[in-house]
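What follows is a short report on a single structure.
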Amino acid sequence: REALAVTARLCGPELERYGRCVAESPGSWHQDCHQLSLSVTNCASNHPLVRRIRRDCSEAFGVFERCLRERPPSAAQCGPALSHFLLCAQNVTQGSPTAAPMGATPADSPTG
């Protein structure tokens, strides 16, 4: 939840544009909104906490993304995959020293 809050705080305009695009293109959002999705990703990837979630939860996020690609018109069916990813992200933020105040950049050396 904190990672989503960080992303919303840092990348609010990008998220808003992406969300609006998805809502306006229910059958083709995966194509129509691709550039906006990339802009959210690029914005979010600049924060250490988000980078750590992307590293630690990449498998869960991949399952969610794959679900979205395979079911573009019925993305609501991907709820369980999204829940799994969000639970992973929550676990990372709760046990993460990078969940410290914004701008704090503890040594985030990847292991493995």
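Using a 7 Å offset from Cα along Cα-Cβ at Asp32, what residues in segment 47-78 end up with backbone N under 17 Å from the label point? Residues 69, 71-76 qualify, since their backbone N sits under 17 Å from the label point.
Heavy atoms of the protein chains alone define the surface here; on that basis segment 1-50 has 59 Å² accessible area per residue at 1.4 Å probe size. If you roll a 1.4 angstrom probe over the protein chains with everything in place, what fraction of the accessible area of segment 2-95 belongs to carbon and sulfur, to the nearest %? Result for segment 2-95: 54 percent of the exposed heavy-atom area is carbon or sulfur. Seen from Val40, the other residues with C-beta closer than 14 Å to its C-beta sum to a net charge of +1, counting Lys and Arg as +1 and Asp and Glu as -1.
Relative contact order of segment 2-95: what whole-number percent is it, with Cα pairs under 8 angstrom and at least 6 residues apart? It rounds to 32 percent for segment 2-95.
The values are calculated or read from the model by the stated rules, or taken from the named source; none is laboratory data. Values in this document were obtained by computation on a predicted structure and should not be read as measured data. When we count neighbours, we look across all protein chains shown, and the Cβ atoms used for this are built from the backbone with ideal geometry, even at glycine. Accessible surface is based on the protein model in full, side chains and every heavy atom, while ligands, DNA and RNA are left aside. Shrake-Rupley method; radii C 1.70, N 1.55, O 1.52, S 1.80 Å.
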